[in-house]
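The values are calculated or read from the model by the stated rules, or taken from the named source; none is laboratory data. No experiment lies behind these values; they were computed from the predicted model shown. Because the Cβ atoms are built from the backbone with ideal geometry, glycine has one as well, and the counts that use them run over all protein chains shown. Please note that ligands, DNA and RNA were not included when accessible areas were found on the heavy atoms of the full protein model with its side chains. Shrake-Rupley method; radii C 1.70, N 1.55, O 1.52, S 1.80 Å.
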Amino acid sequence: LEGKIVFTSSTSPGKDALKRDHAGFLEVHSNPELYTKAFATMEPQSQVTEDKWGRIQVVLIPFYDGRGRKCLMGASRSMRELDARLNETILSSLFAGGLILVLGACACLYLAHSISKPIEDVTGTAAAIARGDLSHAVKARGGRELELLAESINAMTQAIRERVRALAES
C-alpha cells in the first residue's frame, strides 16, 4: 500500500485478538525486509526470523492479484515451543550421553580389573616359582583360558616339587 508492506488481515501469535497483541488490518509491517526476496523472485520462501513477537518461522507464497500487483500469502508460527522442545531434547540427550559414558567407563574399569587381576596373580606366582618358591598356587579364576593356564602352572609346580623331593630323598 503506497509502496509499504502492510497486513491485509489481522494476525496474532496467540490467535487472540482480544489481547491486542496483533497486527491490525493495513498496519505497516514491522520488518518488511523479510519479504524483499519473495517479492523480488516471486517464488515461495520459508524463513526463520525475529520480529516483534519473537522468533518465528514464516512461509510466504507470492502471487499477482487481479490488477497485476504483487501480493504475498503468508503464514507464521512462533518458534518458542519448538525451541523449548529442542532445548529439552538437547539437555536430555546430553544427560543420557553422559550417563552412558559414565556407565561405560565403570564397565570398562570393571572388565579391565576382572581381566588384569587374574593375569597379575599368574604373573606373581610364576615369578615366585622362578625364585624357587614352590609353595605358591595360582587361583583358577577369570576366563576359561586363564583357568587352563592356572591349572597348567599348578601342575608344573606340583611336578617340580615332586622332582625336588625325589632328588632330596635320593
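Quick check, is Lys52 at pLDDT below 70, within 38 Å of the chain's Cα centre (by Cα) and surrounded by fewer than 14 Cβ atoms within 10 Å (Cβ to Cβ)? When the stated conditions are applied, Lys52 does not pass them.
Restricting attention to region 105-149, the residues that are within 30 Å of the chain's Cα centre (by Cα) and open to solvent by 70 Å² or more (accessible area, probe 1.4 Å) total 6. A Cβ distance below 7 Å, combined with a sequence gap of six or more or placement on separate chains, defines the contacts here; from region 80-104, residues that are open to solvent by less than 80 Å² (accessible area, probe 1.4 Å) reach residues that are of a type outside the set (Asp, Glu) in the pairs Asp83/Arg55.
Could we say that Pro62 is touching a helix residue (DSSP H, G or I) at 6+ places or on another chain (Cβ under 6 Å) and not in a helix (DSSP H, G or I) here?
Working: touching a helix residue (DSSP H, G or I) at 6+ places or on another chain (Cβ under 6 Å): yes; not in a helix (DSSP H, G or I): yes.
Yes; evaluated as a whole, the condition is true for this residue.
For Phe39, the conditions (1) out of contact with any Ser or Thr (no Cβ under 6 Å at 6 or more places or on another chain); (2) modelled with pLDDT of 70 or more; (3) open to solvent by 50 Å² or more (accessible area, probe 1.4 Å) are fulfilled apart from (3).
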